[in-house]
1. Can you tell which of A:539, A:532, A:577 is under 19 Å from the mean Cα position of the chain (by Cα), more than 19 Å from residue A:282 (Cα to Cα) and either free of Cβ contacts under 8 Å to residues at least 60 places away in the same chain or surrounded by 24 or more Cβ atoms within 10 Å (Cβ to Cβ) (or both)?
2. Restrict the check to segment A:161-178 and report whether at least one residue is surrounded by fewer than 18 Cβ atoms within 10 Å (Cβ to Cβ), more than 14 Å from chain B (Cβ to nearest Cβ), assigned to a loop (DSSP other than H, G, I, E, B) and in contact with a strand residue (DSSP E or B) (Cβ under 7 Å, 6 or more places away or on another chain).
3. Considering only segment B:41-110, give the strands (runs of 3 or more DSSP E) lying wholly within it that have at least 1 residues that are buried (at least 21 other Cβ atoms within 10 Å of the Cβ).
4. Would you say residue A:356 is in contact with a helix residue (DSSP H, G or I) (Cβ under 7 Å, 6 or more places away or on another chain) and surrounded by 24 or more Cβ atoms within 10 Å (Cβ to Cβ)?
5. Which of the residues spanning segment B:243-273 are within 20 Å of the chain's Cα centre (by Cα) and away from every other protein chain (no Cβ under 13 Å)?
6. Does any residue in segment A:691-703 that is under 20 Å from residue A:659 (Cα atoms) and not assigned by TED's automatic domain parsing to the domain that holds residue A:545 come within less than 6 Å, Cβ to Cβ, of a residue that is part of a helix (DSSP H, G or I) and modelled with pLDDT of 95 or more six or more places away or on a different chain, and which pairs are these?
7. Could you check, for segment B:209-216, whether at least one of its residues is under 29 Å from residue B:21 (Cβ atoms), in contact with a strand residue (DSSP E or B) (Cβ under 6 Å, 6 or more places away or on another chain) and crowded, with 20+ Cβ neighbours inside 10 Å?
8. Which of the numbered conditions does residue A:205 fail, given that it passes all the others? Conditions: (1) surrounded by 22 or more Cβ atoms within 10 Å (Cβ to Cβ); (2) away from every other protein chain (no Cβ under 14 Å); (3) more than 19 Å from residue A:390 (Cβ to Cβ); (4) touching a helix residue (DSSP H, G or I) at 6+ places or on another chain (Cβ under 8 Å).
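The values are calculated or read from the model by the stated rules, or taken from the named source; none is laboratory data. What you see is a predicted model; the values in this text were computed from it and never measured. Using ideal geometry, Cβ is built from the backbone for each residue, glycine included, and neighbour counts are taken over all protein chains shown.
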């Protein structure tokens, strides 16, 4: 039957009220529907409204004077020449902010960060002065003319030297403190020591092990590099005393609370708005000096102040990710069954501890490091240190250090397989947590909700023709050619998080949804998360449509305005679906509960006589007797049973009982040019299991995006510093953002293992491909050299590094 | 990321442009496609007080055949070079190299004249022009002169062009029978400068190479004409030994800087790999392979 015929038929049946259940379900556009994204209509027309699109009367512009040095004492700052530039209105320094106590701000990790450098600069490009001018041109001229006299200090770049006795002390402001917000520390450059697991039991497992392997791995410093850089417009209304702050915020409600805490303004006098945001990837979670300076500027001048980062500012100063120096050991029996894991990490957090994790988790959820494997005992330590680099340590398209953990365990499985001569798929099959073991309690304290890893890997192996690929590889090796097959069978931990262990500034990491159903049968929903490109306007509407029987096209979704929506913790760590979507589904169910009362009144039956049927309540056993949601909506405002309030409106705050644990099985095949070191990704197959699938097309898009970022990280992204702390390659000329030309073709697949504790069984997917993709690439590259006894190669796998391996092996000629 | 103040000029003729350039001397810069100059200005690494935009100058965007030679107006864009089937038939290395420059957006604005005149050793067309033995036509207050591409480059961003001269055209000699051309460029991604690149133009005459030219991109402070490498191929059958000798001679003149794409040793090795591949490809094309 042609599409047109189907449509015509559907219309006719709707008119005569005889549409089948399936047709009514299809008309809803609910869960499982491959709906096009509602938001794309404006984005593809260039009609989005981003921060830099905001123009306000009398608006002025701010820009930063930044430090050329990585570590230096500021002897003096002379503003005079800058103030003489036509159009320059003000130049703010730490001394100007000091009387307001705003020269420093608290970080989300219990430390503090300089808003404008106070006596010292701690990293190159640190904010030193804020020039406010009538236009961007004058501000740009002004920053050239602020004269800063520096006295250079010894620079600390290598985190392995941070705790040496003779290391330069970076943070003089906290040098005498026993702790800086995350537990005891043992050196002025030490931030925290965090441990997880049972050390003694782990030592025992190693003592008695048939085989052990050890590898050192560095997960390089990378930057999330969203398409839109960070920025804001702060507007203080001097008459009403109300501050409006527009900005690129992944968590606008938290920003409102932070602004209130540090400015002293009542939270009711602050409105924070995240308009359209062009990607976040963790870069837009925390507060930045630009926001504080803009707010101060607006309060002082009584005019709106706009601040927009340049690309170089963004890459070199706002939050980076990873920078984990990891050491890992596995103990195993002779068949490759892992009996113990030990991991030690040195974490380079830069000049201020301003990573963004739930506050009790200084190393995020790094102790998910046992991965998809049934490992009986493990012990993990992470030490954070200060260096003269930009601060950060955020979750770049991942959930709080899960990428680091997944990379480590997925690489280690390969190291162990090579040591024992076991196939890399086989070693995984031998160690997987079995489907019947869920819910599974990991030795490091997590309760995995659901999974079926064996089925996923077997499906992946079949799809790519794994045995054939291994045969081809053997033939190629015999001819001296390099071909690698990489497997990653990762488990994520997303959806922060349960109130018992997840908070930011004491605020529990719940999520919220408010739904209002209008009299004529459409609705608006507001959620505390904030889409930065994930398609929330579409997927939330689909979930609510399935719950309340109103077509998703008739449900408007709003996020990002703190005056409008209920309080939520924002979007990062793949939490929108596990937490936000759960709130949306539960709010929908509350709507339905009230609708049932109204329907009972309309049909003159008792509530218990009713059953829900897609978009209506029908009387049990009398299917023709029904009240459609559209009519119930009108009744809510016009024909209520006694004792019920008017309206059809609810709010739900959802505290997740557990995290969700999406997983996947990825297989990557690469060919390597041994003369140049160039890697060609021949095949990349990604099977993701994110539980219930809300919109398969959006999932596919998320997987494509995540894999592309994984490819970028594995193959080229790295923030590099020279020995005096100059940040190298902080522009897109050098920092690797692959184009469509370099990006491999992605093959996607799925299994569905719903989460048992989530209202609709969904787990979240946006970050899985980044978490699983990076080790899949790395494993493929190393696998190409496995027959030459190579067990690890450092990321990123640039052509020269791969060539270096070829050269060291004497196979580059 | 905002340039310093400058005065903008938009002359309508070469004479007018030359007189503006003469008037402003060192303070003046001509603007062609702008894809090198404008980023430098936004970073304030270049702060010309007078910007003389050649996009309004008539007669500088053209591709023509003059007595067998190819004349290309300096303001002809890379996109126009790529689009010309006639040019691709007469001198295929131009399309091959142009397609490896930057990305489609940049190629739509970037000009062949700007590419060769800027003196950036990372630009691709200088080595191609050296391999083709092209010449550059310059107009100054004293009139017109022509300089060989192989004599044009003096240092990083330093060329034989006088401050008051404008490069108006490129002249490429006719391609004889049996000539094969190839440009091989190693780069990480679209838009990148070469880690190493080699242009080779050679003519095979009955199994013997009668003429050969090898030139290199981004492997020294200027684009490099590899004279000894060229000589090592001439008069040979371009067999394994000759190629080895040419590669060695080409690598010998390289002096690249280490950068984020690799240390010096890697970039020099890649100079050899690219030279070898370009020679093999050019030879195959010369013999119809």
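1. It is A:539.
2. So in segment A:161-178, the residues surrounded by fewer than 18 Cβ atoms within 10 Å (Cβ to Cβ) come out as A:161, A:163-166, A:168-169, A:172-173, A:175-178.
Imposing the further condition that a residue be more than 14 Å from chain B (Cβ to nearest Cβ) reduces the set to A:161, A:163-166, A:168-169, A:172-173, A:175-178.
Among the residues that remain, those that are also assigned to a loop (DSSP other than H, G, I, E, B) are: A:163-166, A:168-169, A:175-178.
Still in the list and also in contact with a strand residue (DSSP E or B) (Cβ under 7 Å, 6 or more places away or on another chain): A:163, A:178.
Yes, segment A:161-178 has at least one match.
3. B:50-53, B:69-73
4. no
5. Matches in segment B:243-273: B:250, B:251, B:253, B:254, B:255.
6. Within 6 Å, the pairs are A:693/A:699; A:694/A:539; A:694/A:542.
7. Within segment B:209-216, the first condition is being under 29 Å from residue B:21 (Cβ atoms), and the residues that meet it are B:215.
Next cut, in contact with a strand residue (DSSP E or B) (Cβ under 6 Å, 6 or more places away or on another chain) only: B:215.
Those still in the list that are crowded, with 20+ Cβ neighbours inside 10 Å too: B:215.
For segment B:209-216, residues under 29 Å from residue B:21 (Cβ atoms), in contact with a strand residue (DSSP E or B) (Cβ under 6 Å, 6 or more places away or on another chain) and crowded, with 20+ Cβ neighbours inside 10 Å: present.
8. Failing condition for residue A:205: (4).
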